[in-house]
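Written below as structure tokens is the structure these notes are about.
The values are calculated or read from the model by the stated rules, or taken from the named source; none is laboratory data. Only a predicted model underlies this, so the values are computations on that prediction, with no experimental measurement involved. So basically every Cβ, Gly included, is an ideal-geometry build from the backbone, and we count neighbours across all protein chains shown. Each accessible area value is taken on the protein alone, full model and side chains, heavy atoms only, with ligands, DNA and RNA left out. Shrake-Rupley method; radii C 1.70, N 1.55, O 1.52, S 1.80 Å.
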Amino acid sequence: MFEPQVDKYNPLTKTKTLLLDRDGVLNRVVMRGAEVSSPRSRDELVLSEDLPALAEPSIVDDWNLIIVSNQPDLSRGRIDLELVEYINQSILGQIPLNASYICSHVASDECGCRKPETGLVDRFKEDFPQAAGKMVLVGDRDTDRECAERVDIDFILRRREYNAPCMAYVDHSVESLSDLSPLLRHLFPE
């Protein structure tokens, strides 16, 4: 049985949850030729310049912040859990993350937690049923969108230069994380 790597940071006190893909949303991807890749060293980590927008009261007063991320380079031996935790801690230094759910498997493992499969979201809902009232997944890949569709939650695409083809398949997108709060207020008026 394949299980995700789960790290808990801050108590979940809200009933609404932002599920956040990591690479391409919270930190910059690394382009290796035409391949969109995760950072493989501390030197390659560049946090998204607009990351502090997720620490604004308009977000943290209403939403739990949960990372849901595929990290197949763990299985490939290109990175280790120490680097994953370093990246998560770097993000945590700027925003109040509640938890992180990481799939370390490659596609050929056929696990249930690698997006677009729903295992990361399902495990979060098992761990924190009180926080699974309203969920939104923010991602930069089609696999993120497909995962959100499979669990029947809203999806918001973080637009990047490499994901223009995804625009044809989404209802909601943001250029910047600063645009997330007004969009969430529009989608979920109180």
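Remarks
- The GluC sites (Glu not before Pro) found in the stretch 15-102 that occupy coil by DSSP, while having at most 11 further C-beta atoms within 10 Å, are Glu49.
- Accessible solvent surface per residue of the chain, calculated while the other protein chains remain in place, 1.4 angstrom probe, Å²: 46
- Solvent-accessible surface (1.4 Å probe) assigned to Ser104 amounts to roughly 30 Å².
- Considering only beta bridges that DSSP places wholly inside the chain, some 25 percent are antiparallel.
- Computed on protein heavy atoms with a 1.4 Å probe, the accessible areas place Asp179, Asp144 in the order Asp179, Asp144, largest first.
- Relative contact order (%) - criterion: Cα under 8 Å, at least six apart; region: the stretch 137-177: 37
- Read-out Rg/Rh (Cα atoms, Kirkwood Rh), derived from the coordinates shown; its label in (1) 0.92; (2) 1.06; (3) 0.96: (1)
- Cut-off 11 Å between beta-carbons: net charge of the residues surrounding Val151, Lys and Arg +1, Asp and Glu -1: -3
- Carbon + sulfur, % of accessible area of the chain - ligands and nucleic acids excluded, 1.4 Å: 47
- In this label model, Val30 and Glu175 are separated by 2.9 nm, measuring between points 7 Å along each Cα→Cβ vector.
- For Asp142, net neighbour charge (Lys/Arg +1, Asp/Glu -1) across residues whose Cβ lies under 12 Å away: -2
- Rounded to the nearest angstrom and listed largest first, the equivalent-ellipsoid semi-axes of the stretch 1-82 from its Cα gyration tensor are 25, 18, 10.
- Sorted largest first by accessible area at a 1.4 angstrom probe radius, with every protein chain in place, the residues Thr118, Thr17 fall in the order Thr118, Thr17.
- For the chain, the relative contact order comes to 27 percent (Cα pairs under 8 Å, sequence separation of at least 6).
- Between the stretch 1-59 and the stretch 83-141, the C-alpha centres lie 9 angstrom from each other.
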